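Engineer: I have a structure I would like to understand better, so I am pasting it below and will then ask my questions one at a time.
The values are calculated or read from the model by the stated rules, or taken from the named source; none is laboratory data. It should be emphasised that the depicted structure is a prediction, and the values quoted were computed from it without experimental measurement. Cβ: placed from backbone, ideal geometry, glycine included. Neighbour counts: every protein chain shown.
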Amino acid sequence: MDILKSFAHPEELVALFRYKFGGCDAVIPKYDYGSMTPSMKVCTDLLVRTSRSFAAVIQALDVELRNAVCNFYLVLRALDTVEDDMSIPNDIKVPMLKNFHENLLDPDWKFMDSKDKDAVVLQQFPHISKEFRELPEKYREVIFDVCAKMGNGMTVFLERKVDTLEEWDEYCHYVAGLVGIGLARLFSASGLEESSLGKDSALANKVGLFLQKTNIIRDYLEDWNDQRIFWPKAVWSKHRPNLGDFANPEFQKEALACLNELITNTLELIPSSLLFMSRLHNQSVFNFVAIPQVMAIATLERCYNNPKVFSGVVKIRKGEAVRMMMGSSSFESVKAIMKHFVVKIQDRIPESDPNSEQTKSLCKKALSLCDTSQEYKSSSIYPPLYVSMGLMVSAIAYTYWSQITQWYEDLV
Ligand code: D61
Ligand code: MG
């Protein structure tokens, strides 16, 4: 019942309402199945089923890029499903990952034995590889190359765990940095962005690292419960000898210090993220890049110094997410959103935190780059409080209507 939580934030109700009634078609369009071939339809369905947060922004890309990026997503999601599937033993998994890119050229290849939640992309792989083979060569070359590199890179971390911060960067490069690099090359190849963008791999890598590190930080408990470790040992072992100790409330102080240290490391990427976005010219590409970056900074802010990371799921409310998505359409407004969340972190840095000085200085650095006259929380669009209260009463009444009528009947 996420909507009920948004009643405490009237500006989110406005955003949810506009979203629901199609006030933001430019950002989140309706799908046009009419003009699609059968395997394009299958791929669109697969995208919606498997991409929790990227389906909408991919669909909103200009036509020149949409199919290429959708295919890029599905190919890598299929590869990631092999990586994530704990039921495949490593001696089978290693060659599968290393040779995965060759499946793109084989019309019949599919894999029916995956137990992963996204197994459907492996079962339906012939539709994905067919779409791949129908793409222009300039896109195929990028997707093929990134798929080969990612598959190889993933095998490096199957046997050994992430230890140092350099290894953390290396793992994140394979699974997300390469996506950033591939996307920048696809943008350039489409002609929608400058060719120099696709050549700056170091910069595009960091855009991906920012998203992956944020996910790894947020997913501590889920990953730990699945016996997966992505937090770098060199960092957590400074605070506790066992990563699982952080889930024990007795060690909350150590857990928060470690969490804040990883978030501080991730904040270092903000300047590169802003620089990358400042180089974009095309509106649909800009939205596609900016929305995930803005979600990531909001997630980092929510996680910073937050014990809930160790006891449950830390999530952005739907209303908040929709409001940010609709607000991410210009560089000025993205800077305003970034600034809003960096200030919120800055205001919450505990004096006692071992890395407080570094966190402060990274916040200052980020804020100096977010200088803008725009403000994120502008109050002019908020409904007056009594309207919000009235809406809340109606929503509760609607939700509990059957119970209310039951009480009434019992009464009379
Ligand atoms: C602009 C816009 C989107 C971007 C970007 C720049 C740069 C990088 C990325 C997206 C990659 C973001 C990765 C962050 C989410 N992490 C995962 O999904 C993990 O899997 C990583 C390997 C597969 C990556 C597939 C992918 C993801 C997003 C894309 C894309 C490809 C292609 C185009 C657009 C977006 C994570 O997955 C968890 C899960 O299975 O649910 C994991 O296994 O660690
Ligand atoms: Mg994975």
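Engineer: Scan region 217-244 for residues that are away from ligand 1 (no atom under 15 Å from the Cβ), assigned to a helix (DSSP H, G or I) and under 17 Å from residue 164 (Cα atoms) and jot them down.
Structural biologist: We begin by selecting, within region 217-244, every residue away from ligand 1 (no atom under 15 Å from the Cβ); these are 233-244.
So of that shortlist, the ones also assigned to a helix (DSSP H, G or I) come out as 233-239, 243-244.
Once the filter is applied, which keeps residues that are away from ligand 1 (no atom under 15 Å from the Cβ), assigned to a helix (DSSP H, G or I) and under 17 Å from residue 164 (Cα atoms), region 217-244 yields 233, 234, 235, 236, 237, 238, 239, 243.
Engineer: Cβ-Cβ below 9 Å, separation at least six or inter-chain, first residue in region 121-135 and surrounded by fewer than 16 Cβ atoms within 10 Å (Cβ to Cβ), second among the β-branched types (Val, Ile, Thr): which pairs?
Structural biologist: Sorted first by the residue in region 121-135, then by its partner, the pairs are 134/37.
Engineer: Scan region 71-86 for residues that are at pLDDT 95 or above and more than 8 Å from ligand 1 (Cβ to nearest atom) and report the count.
Structural biologist: Total meeting the criteria: 6.
Engineer: Here's another thing I want to ask about it. Would you mind stating whether residue 233 is more than 23 Å from residue 59 (Cα to Cα) and touching a Lys or Arg at 6+ places or on another chain (Cβ under 7 Å)?
Structural biologist: It is true that residue 233 is more than 23 Å from residue 59 (Cα to Cα) and touching a Lys or Arg at 6+ places or on another chain (Cβ under 7 Å).
Engineer: Something else: Is there a residue being in contact (Cβ under 8 Å) with a residue 24 or more places away in the chain, more than 18 Å from the chain's Cα centre (by Cα) and within 16 Å of ligand 1 (Cβ to nearest atom) anywhere in region 37-46?
Structural biologist: Within region 37-46, one or more residues are in contact (Cβ under 8 Å) with a residue 24 or more places away in the chain, more than 18 Å from the chain's Cα centre (by Cα) and within 16 Å of ligand 1 (Cβ to nearest atom).
Engineer: Sort out for me the helices (runs of 4 or more DSSP H) sitting completely within region 341-412 that have 1 or more residues that are modelled with pLDDT of 90 or more and β-branched (Val, Ile, Thr).
Structural biologist: 356-369
Engineer: Residue check: is residue 257 within 15 Å of ligand 1 (Cβ to nearest atom), among the small types (Gly, Ala, Ser) and part of a helix (DSSP H, G or I)? Steps first, please.
Structural biologist: Values: within 15 Å of ligand 1 (Cβ to nearest atom): no; among the small types (Gly, Ala, Ser): yes; part of a helix (DSSP H, G or I): yes.
Considered against the rule, which asks whether it is within 15 Å of ligand 1 (Cβ to nearest atom), among the small types (Gly, Ala, Ser) and part of a helix (DSSP H, G or I), residue 257 comes out as no.
Engineer: Quick check on region 185-206: of everything there that is buried (at least 20 other Cβ atoms within 10 Å of the Cβ) and within 25 Å of residue 263 (Cα to Cα), which residue is nearest to ligand 2 (Cβ to nearest atom)?
Structural biologist: Ranking the candidates gives 205 first.
Engineer: How many of the residues in region 53-71 are within 16 Å of ligand 2 (Cβ to nearest atom) and assigned to a helix (DSSP H, G or I)?
Structural biologist: Residues of region 53-71 that are within 16 Å of ligand 2 (Cβ to nearest atom), as a first pass: 53-54.
Now narrow it down to the ones that are assigned to a helix (DSSP H, G or I): none.
Matching residues across region 53-71 total 0.
Engineer: Additional query: Which of (1) of a type in the set (A, V, I, L, M, F, W, C); (2) out of contact with any Leu (no Cβ under 6 Å at 6 or more places or on another chain); (3) in a helix (DSSP H, G or I) is the odd one out, the single condition residue 88 does not satisfy?
Structural biologist: Checking residue 88 against (1) of a type in the set (A, V, I, L, M, F, W, C); (2) out of contact with any Leu (no Cβ under 6 Å at 6 or more places or on another chain); (3) in a helix (DSSP H, G or I), the one that fails is (3).
Engineer: Related question: What about residue 48, is it modelled with pLDDT of 85 or more and crowded, with 19+ Cβ neighbours inside 10 Å?
Structural biologist: In short, no.
Engineer: Here is a follow-up. Only one of these conditions is not met by residue 363: (1) more than 16 Å from ligand 1 (Cβ to nearest atom); (2) surrounded by fewer than 17 Cβ atoms within 10 Å (Cβ to Cβ); (3) in contact (Cβ under 8 Å) with a residue 60 or more places away in the chain. Which number is it?
Structural biologist: (2)
Engineer: OK, next. Residues in region 146-162: is at least one touching a residue at least 24 places away in the same chain (Cβ under 8 Å), away from ligand 2 (no atom under 16 Å from the Cβ), buried (at least 20 other Cβ atoms within 10 Å of the Cβ) and in the same structural domain as residue 105 (by TED's automatic domain parsing)? Give the steps one after another, and end with the answer.
Structural biologist: Filtering region 146-162 for residues touching a residue at least 24 places away in the same chain (Cβ under 8 Å) gives 146-155, 158-159, 161-162.
Next cut, away from ligand 2 (no atom under 16 Å from the Cβ) only: 148.
Keeping just the survivors that are buried (at least 20 other Cβ atoms within 10 Å of the Cβ) gives none.
Within region 146-162, not a single residue is touching a residue at least 24 places away in the same chain (Cβ under 8 Å), away from ligand 2 (no atom under 16 Å from the Cβ), buried (at least 20 other Cβ atoms within 10 Å of the Cβ) and in the same structural domain as residue 105 (by TED's automatic domain parsing).
Engineer: Just to be sure I understand, how many residues within region 303-335 are touching a residue at least 24 places away in the same chain (Cβ under 8 Å) and either touching a strand residue (DSSP E or B) at 6+ places or on another chain (Cβ under 9 Å) or not small (Gly, Ala, Ser) (or both)?
Structural biologist: Here the count works out to 21.
Engineer: Something else about it: Can you find a residue in region 74-85 that is farther than 15 Å from residue 154 by Cβ, buried (at least 19 other Cβ atoms within 10 Å of the Cβ) and either more than 16 Å from ligand 2 (Cβ to nearest atom) or not assigned by TED's automatic domain parsing to the domain that holds residue 293 (or both)?
Structural biologist: From region 74-85, those farther than 15 Å from residue 154 by Cβ are 74; that's our starting set.
So of that shortlist, the ones also buried (at least 19 other Cβ atoms within 10 Å of the Cβ) come out as 74.
Still in the running and either more than 16 Å from ligand 2 (Cβ to nearest atom) or not assigned by TED's automatic domain parsing to the domain that holds residue 293 (or both): 74.
Checked against the condition, which is being farther than 15 Å from residue 154 by Cβ, buried (at least 19 other Cβ atoms within 10 Å of the Cβ) and either more than 16 Å from ligand 2 (Cβ to nearest atom) or not assigned by TED's automatic domain parsing to the domain that holds residue 293 (or both), region 74-85 yields at least one hit.
Engineer: From 288, 230, which residue is within 30 Å of residue 351 (Cβ to Cβ), in contact (Cβ under 8 Å) with a residue 60 or more places away in the chain and within 17 Å of the chain's Cα centre (by Cα)?
Structural biologist: 230
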